[in-house]
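First comes the structure, then the notes that go with it.
The values are calculated or read from the model by the stated rules, or taken from the named source; none is laboratory data. Quantities reported herein were computed from a predicted structural model and do not represent experimental measurements. Here the Cβ positions follow ideal geometry from the backbone for every residue, glycine too, while neighbour counts run over all protein chains shown.
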Amino acid sequence: MEKILFDTHCHLTDEGYDDGREDLISEIERSQIRYLVDIGTDLESSERAAENAARYPFCYAAAGFWPGNTTGLGDGDLAGLRRILSMPRVAAVGEIGLDYHYEDTDKESQQLWFARQIKLACELALPICIHSRDADDDTMRILKENGAFSKERLACFPPRADGSPDARVLLHCFSGSAELARQYVRLGADISIAGPVTYKNARKTVEVVQTVDLSRLTAETDAPYLTPVPMRGRRNLPVYVEHTVRKIAEIKGISYEEAAMATLENGMRFYGIKE
Ligand SMILES: [Zn+2]
(Lines give C-alpha, C1' and ligand atoms only; values in the text may rest on other atoms or scores of the structure.)
Protein backbone atom coordinates (compact mmCIF):
# COMPACT_ATOMS: atom_id res chain seq x y z
CA MET A 1 0.00 0.00 0.00
CA GLU A 2 1.44 3.32 -1.01
CA LYS A 3 1.73 5.60 2.03
CA ILE A 4 0.54 8.96 0.72
CA LEU A 5 -1.92 10.27 3.34
CA PHE A 6 -1.39 12.53 6.37
CA ASP A 7 -4.20 13.00 8.91
CA THR A 8 -2.99 16.21 10.56
CA HIS A 9 -5.52 16.13 13.41
CA CYS A 10 -7.15 13.18 15.19
CA HIS A 11 -7.69 11.88 18.70
CA LEU A 12 -6.46 8.30 19.13
CA THR A 13 -6.78 8.66 22.89
CA ASP A 14 -10.50 9.51 22.70
CA GLU A 15 -12.75 7.26 24.79
CA GLY A 16 -14.68 6.60 21.57
CA TYR A 17 -11.91 4.09 20.71
CA ASP A 18 -11.66 2.42 24.13
CA ASP A 19 -13.44 -0.69 22.83
CA GLY A 20 -11.01 -1.38 19.98
CA ARG A 21 -7.82 0.63 19.94
CA GLU A 22 -5.71 -2.32 18.69
CA ASP A 23 -7.99 -2.79 15.66
CA LEU A 24 -7.75 0.94 15.05
CA ILE A 25 -3.94 0.79 15.03
CA SER A 26 -3.73 -2.23 12.70
CA GLU A 27 -6.24 -0.62 10.32
CA ILE A 28 -4.02 2.49 10.18
CA GLU A 29 -0.94 0.32 9.56
CA ARG A 30 -2.68 -1.44 6.64
CA SER A 31 -3.90 1.84 5.09
CA GLN A 32 -2.36 4.59 2.94
CA ILE A 33 -1.65 6.66 6.06
CA ARG A 34 2.00 7.67 6.32
CA TYR A 35 1.56 9.95 9.32
CA LEU A 36 -1.06 11.23 11.69
CA VAL A 37 -0.92 13.62 14.61
CA ASP A 38 -2.61 12.54 17.82
CA ILE A 39 -3.91 15.74 19.38
CA GLY A 40 -4.17 16.31 23.12
CA THR A 41 -6.98 18.26 24.74
CA ASP A 42 -5.75 18.27 28.34
CA LEU A 43 -2.69 17.02 30.27
CA GLU A 44 -3.81 13.40 30.41
CA SER A 45 -4.65 13.02 26.71
CA SER A 46 -1.53 14.98 25.74
CA GLU A 47 0.66 12.62 27.75
CA ARG A 48 -1.04 9.58 26.19
CA ALA A 49 -0.64 11.10 22.74
CA ALA A 50 3.09 11.49 23.47
CA GLU A 51 3.20 7.81 24.47
CA ASN A 52 1.50 6.84 21.19
CA ALA A 53 4.02 8.93 19.28
CA ALA A 54 6.87 7.11 21.01
CA ARG A 55 5.28 3.73 20.20
CA TYR A 56 4.05 4.03 16.59
CA PRO A 57 6.26 5.20 13.70
CA PHE A 58 3.25 6.76 11.91
CA CYS A 59 2.32 8.86 14.95
CA TYR A 60 3.35 12.31 16.16
CA ALA A 61 1.71 14.18 19.02
CA ALA A 62 0.45 17.64 19.89
CA ALA A 63 -0.08 18.77 23.47
CA GLY A 64 -2.35 21.48 24.80
CA PHE A 65 -5.50 22.52 26.63
CA TRP A 66 -8.57 22.57 24.39
CA PRO A 67 -10.67 25.69 25.14
CA GLY A 68 -13.41 23.74 26.94
CA ASN A 69 -10.80 22.36 29.37
CA THR A 70 -9.29 25.61 30.65
CA THR A 71 -11.50 26.45 33.65
CA GLY A 72 -9.57 26.26 36.92
CA LEU A 73 -6.14 25.64 35.38
CA GLY A 74 -3.09 27.02 37.22
CA ASP A 75 0.66 27.44 36.93
CA GLY A 76 1.24 23.75 37.70
CA ASP A 77 -0.75 22.84 34.59
CA LEU A 78 1.41 25.09 32.44
CA ALA A 79 4.51 23.42 33.91
CA GLY A 80 2.98 20.02 33.12
CA LEU A 81 2.33 21.08 29.54
CA ARG A 82 5.89 22.36 29.21
CA ARG A 83 7.18 18.97 30.38
CA ILE A 84 5.09 17.04 27.81
CA LEU A 85 6.17 19.42 25.04
CA SER A 86 9.78 18.48 25.74
CA MET A 87 9.10 14.78 25.03
CA PRO A 88 10.32 13.26 21.73
CA ARG A 89 7.95 13.47 18.71
CA VAL A 90 5.66 15.98 20.44
CA ALA A 91 5.61 18.25 17.44
CA ALA A 92 3.16 21.06 18.25
CA VAL A 93 1.13 22.97 20.82
CA GLY A 94 -2.54 22.10 20.34
CA GLU A 95 -5.29 22.02 20.12
CA ILE A 96 -5.71 25.45 21.65
CA GLY A 97 -8.09 28.30 20.89
CA LEU A 98 -11.61 29.51 21.54
CA ASP A 99 -15.01 27.84 21.43
CA TYR A 100 -18.00 30.12 22.00
CA HIS A 101 -20.57 27.64 20.69
CA TYR A 102 -22.25 27.03 24.03
CA GLU A 103 -23.79 29.94 25.90
CA ASP A 104 -22.44 29.07 29.35
CA THR A 105 -18.86 29.03 28.07
CA ASP A 106 -16.08 30.42 30.30
CA LYS A 107 -14.69 32.99 27.85
CA GLU A 108 -12.35 34.56 30.37
CA SER A 109 -10.37 31.39 31.09
CA GLN A 110 -10.47 30.35 27.41
CA GLN A 111 -8.87 33.64 26.37
CA LEU A 112 -6.32 33.61 29.19
CA TRP A 113 -5.16 30.06 28.38
CA PHE A 114 -5.20 30.61 24.64
CA ALA A 115 -2.83 33.54 25.19
CA ARG A 116 -0.58 31.67 27.63
CA GLN A 117 -0.24 28.69 25.28
CA ILE A 118 0.51 30.88 22.23
CA LYS A 119 3.28 32.55 24.23
CA LEU A 120 4.64 29.15 25.25
CA ALA A 121 4.63 27.96 21.62
CA CYS A 122 6.52 31.10 20.61
CA GLU A 123 9.04 30.65 23.40
CA LEU A 124 9.65 27.01 22.40
CA ALA A 125 9.44 27.76 18.62
CA LEU A 126 6.76 25.09 18.15
CA PRO A 127 3.91 24.93 15.59
CA ILE A 128 0.40 25.79 16.88
CA CYS A 129 -2.86 23.94 16.06
CA ILE A 130 -5.86 26.23 16.46
CA HIS A 131 -9.43 25.31 17.38
CA SER A 132 -11.82 28.20 16.69
CA ARG A 133 -15.60 27.88 16.80
CA ASP A 134 -17.96 30.86 16.64
CA ALA A 135 -15.03 33.03 17.71
CA ASP A 136 -13.44 34.33 14.47
CA ASP A 137 -12.62 37.87 15.64
CA ASP A 138 -11.25 37.00 19.08
CA THR A 139 -9.17 34.13 17.68
CA MET A 140 -7.45 36.40 15.17
CA ARG A 141 -6.99 39.20 17.73
CA ILE A 142 -5.50 36.98 20.45
CA LEU A 143 -3.19 35.23 17.98
CA LYS A 144 -1.86 38.61 16.81
CA GLU A 145 -1.61 40.10 20.32
CA ASN A 146 0.47 37.19 21.59
CA GLY A 147 3.01 37.05 18.81
CA ALA A 148 1.74 34.18 16.64
CA PHE A 149 2.62 36.21 13.51
CA SER A 150 5.40 38.35 14.98
CA LYS A 151 8.75 38.93 13.28
CA GLU A 152 10.45 37.07 16.14
CA ARG A 153 8.29 33.98 15.58
CA LEU A 154 8.57 34.07 11.77
CA ALA A 155 12.36 34.20 12.17
CA CYS A 156 12.25 30.80 13.94
CA PHE A 157 11.05 28.97 10.81
CA PRO A 158 12.51 28.83 7.30
CA PRO A 159 10.42 30.65 4.67
CA ARG A 160 8.32 28.62 2.24
CA ALA A 161 9.49 27.48 -1.17
CA ASP A 162 7.88 30.58 -2.74
CA GLY A 163 9.66 32.87 -0.23
CA SER A 164 6.55 33.78 1.77
CA PRO A 165 6.66 33.64 5.59
CA ASP A 166 5.78 30.51 7.54
CA ALA A 167 4.14 31.21 10.92
CA ARG A 168 3.54 27.50 11.66
CA VAL A 169 -0.04 28.26 12.65
CA LEU A 170 -2.64 25.74 11.44
CA LEU A 171 -6.37 26.51 11.55
CA HIS A 172 -7.83 23.09 12.35
CA CYS A 173 -11.16 22.10 10.79
CA PHE A 174 -11.43 25.53 9.22
CA SER A 175 -15.06 26.68 9.11
CA GLY A 176 -14.60 30.38 8.34
CA SER A 177 -15.12 32.28 5.11
CA ALA A 178 -12.83 32.33 2.09
CA GLU A 179 -11.97 35.94 2.98
CA LEU A 180 -10.88 34.95 6.50
CA ALA A 181 -8.81 32.11 5.04
CA ARG A 182 -7.11 34.61 2.72
CA GLN A 183 -6.27 36.83 5.72
CA TYR A 184 -4.70 33.92 7.59
CA VAL A 185 -2.72 32.79 4.56
CA ARG A 186 -1.35 36.33 4.14
CA LEU A 187 -0.15 36.23 7.77
CA GLY A 188 1.73 32.98 7.12
CA ALA A 189 -0.80 30.44 8.44
CA ASP A 190 -2.10 27.22 6.87
CA ILE A 191 -5.65 25.92 6.56
CA SER A 192 -6.70 22.41 7.56
CA ILE A 193 -9.74 20.87 5.85
CA ALA A 194 -11.84 18.26 7.66
CA GLY A 195 -14.80 15.97 6.85
CA PRO A 196 -17.48 18.71 6.73
CA VAL A 197 -16.15 19.74 3.28
CA THR A 198 -17.87 16.58 2.00
CA TYR A 199 -21.28 17.54 3.43
CA LYS A 200 -24.16 18.88 1.32
CA ASN A 201 -24.15 22.29 3.06
CA ALA A 202 -20.38 22.78 2.61
CA ARG A 203 -20.57 25.66 0.11
CA LYS A 204 -18.47 27.97 2.33
CA THR A 205 -15.68 25.42 2.89
CA VAL A 206 -15.69 24.40 -0.79
CA GLU A 207 -15.07 28.08 -1.55
CA VAL A 208 -12.17 28.07 0.93
CA VAL A 209 -10.57 25.12 -0.90
CA GLN A 210 -11.11 26.89 -4.25
CA THR A 211 -9.54 30.09 -2.93
CA VAL A 212 -6.56 28.87 -0.92
CA ASP A 213 -3.46 27.72 -2.79
CA LEU A 214 -2.87 23.96 -2.60
CA SER A 215 0.49 24.61 -0.89
CA ARG A 216 -1.41 26.03 2.14
CA LEU A 217 -3.90 23.18 2.64
CA THR A 218 -3.70 20.12 4.89
CA ALA A 219 -6.28 17.35 5.41
CA GLU A 220 -7.52 15.93 8.69
CA THR A 221 -10.30 13.83 10.19
CA ASP A 222 -10.72 15.13 13.79
CA ALA A 223 -11.61 11.46 14.35
CA PRO A 224 -13.63 10.11 16.13
CA TYR A 225 -15.75 13.19 15.28
CA LEU A 226 -16.94 14.73 11.98
CA THR A 227 -17.07 11.59 9.80
CA PRO A 228 -16.84 12.47 6.08
CA VAL A 229 -19.34 11.35 3.42
CA PRO A 230 -19.77 8.48 2.40
CA MET A 231 -18.92 7.12 5.87
CA ARG A 232 -21.12 9.66 7.68
CA GLY A 233 -23.22 8.07 10.42
CA ARG A 234 -20.36 5.82 11.54
CA ARG A 235 -17.64 6.58 14.03
CA ASN A 236 -14.88 8.48 12.26
CA LEU A 237 -11.44 6.87 11.69
CA PRO A 238 -8.10 8.40 10.63
CA VAL A 239 -8.15 6.23 7.47
CA TYR A 240 -11.24 8.14 6.29
CA VAL A 241 -9.00 11.16 5.65
CA GLU A 242 -8.91 9.65 2.14
CA HIS A 243 -12.45 10.94 1.51
CA THR A 244 -11.54 14.50 2.47
CA VAL A 245 -8.46 14.34 0.22
CA ARG A 246 -10.65 13.03 -2.64
CA LYS A 247 -12.99 16.00 -2.16
CA ILE A 248 -10.06 18.45 -2.20
CA ALA A 249 -8.87 16.82 -5.44
CA GLU A 250 -12.34 17.13 -6.98
CA ILE A 251 -12.64 20.82 -6.02
CA LYS A 252 -9.13 21.64 -7.26
CA GLY A 253 -9.59 19.59 -10.45
CA ILE A 254 -6.50 17.46 -9.81
CA SER A 255 -5.93 13.74 -9.25
CA TYR A 256 -6.40 12.07 -5.87
CA GLU A 257 -2.69 11.17 -5.80
CA GLU A 258 -1.66 14.76 -6.46
CA ALA A 259 -3.91 16.08 -3.67
CA ALA A 260 -2.64 13.35 -1.32
CA MET A 261 1.03 14.09 -2.01
CA ALA A 262 0.53 17.85 -1.65
CA THR A 263 -1.35 17.62 1.66
CA LEU A 264 1.21 15.06 2.91
CA GLU A 265 4.13 17.35 2.10
CA ASN A 266 2.35 20.37 3.59
CA GLY A 267 1.64 18.45 6.81
CA MET A 268 5.26 17.27 7.05
CA ARG A 269 6.54 20.80 6.57
CA PHE A 270 4.10 22.19 9.15
CA TYR A 271 5.00 19.66 11.85
CA GLY A 272 8.69 19.67 10.92
CA ILE A 273 8.77 15.97 10.01
CA LYS A 274 11.87 15.02 8.03
CA GLU A 275 12.64 11.63 6.52
ZN1 LIG B 1 -9.79 17.96 17.63
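Observations, loosely collected:
- Within the range 191-235, the set of residues being within 19 Å of I33 (Cβ to Cβ), part of a loop (DSSP other than H, G, I, E, B) and of a type outside the set (V, I, T) comprises A194, E220, D222, A223, P224, Y225, L226, P228, P230, M231, R235.
- Output for the range 48-69, where each listed residue is surrounded by fewer than 24 Cβ atoms within 10 Å (Cβ to Cβ) and hydroxyl-bearing (S, T, Y): Y56
- Close pairs (8 angstrom Cβ cut-off, 6 or more residues apart or separate chains): under 17 Å from L226 (Cβ atoms) and more than 10 Å from the ligand (Cβ to nearest atom) in the range 2-13, of a type in the set (D, E) and part of a loop (DSSP other than H, G, I, E, B) anywhere: D7/E220; T8/E220
A quick yes/no check of all residues on (1) surrounded by fewer than 20 Cβ atoms within 10 Å (Cβ to Cβ); (2) over 28 Å from Y17 (Cα atoms); (3) more than 16 Å from the ligand (Cβ to nearest atom); (4) modelled with pLDDT under 95:
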{"residue": "A161", "(1), (2), (3), (4)": "yes, yes, yes, yes"}
{"residue": "A178", "(1), (2), (3), (4)": "yes, yes, yes, no"}
{"residue": "Y184", "(1), (2), (3), (4)": "no, yes, yes, no"}
{"residue": "K204", "(1), (2), (3), (4)": "yes, yes, yes, no"}
{"residue": "E220", "(1), (2), (3), (4)": "no, no, no, no"}
{"residue": "Y225", "(1), (2), (3), (4)": "yes, no, no, yes"}
{"residue": "T244", "(1), (2), (3), (4)": "no, no, no, no"}
{"residue": "E250", "(1), (2), (3), (4)": "yes, yes, yes, no"}
{"residue": "S255", "(1), (2), (3), (4)": "yes, yes, yes, no"}
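- Checking E27 against (1) free of Cβ contacts under 8 Å to residues at least 60 places away in the same chain; (2) more than 12 Å from the ligand (Cβ to nearest atom); (3) under 23 Å from M261 (Cα atoms), the condition it does not meet: (1)
- The residue that is farthest from the ligand (Cβ to nearest atom), counting only those in the range 163-176 that are in a loop (DSSP other than H, G, I, E, B) and either of a type in the set (D, E) or touching a residue at least 24 places away in the same chain (Cβ under 8 Å) (or both), is S164.
- Within the range 14-23, being away from the ligand (no atom under 12 Å from the Cβ), among the acidic types (D, E) and part of a loop (DSSP other than H, G, I, E, B) holds for D18, D19.
- Tabulated pairs, the range 84-109, first closer than 21 Å to I39 by Cα, second of a type in the set (V, I, T) and assigned to a helix (DSSP H, G or I), C-beta under 9 angstrom, 6+ apart or interchain: V90/I84; V93/I118; I96/I118; G97/T139; G97/I142; L98/T139; L98/I142
- Enumeration of residues in the range 110-140 that are in contact (Cβ under 8 Å) with a residue 60 or more places away in the chain and assigned to a loop (DSSP other than H, G, I, E, B): P127
- If you filter the range 101-127 down to residues that are surrounded by 15 or more Cβ atoms within 10 Å (Cβ to Cβ) and among the aliphatic types (A, V, I, L, M), you find that the one that is farthest from A61 (Cα to Cα) is A115.
- Residue within the range 228-240 that is among the hydroxyl-bearing types (S, T, Y) and away from the ligand (no atom under 16 Å from the Cβ) present: no
- Under the condition of being out of contact with any Asp or Glu (no Cβ under 9 Å at 6 or more places or on another chain), loosely packed, with under 15 Cβ neighbours inside 10 Å and not basic (K, R), the residues counted in the range 128-144 number 1.
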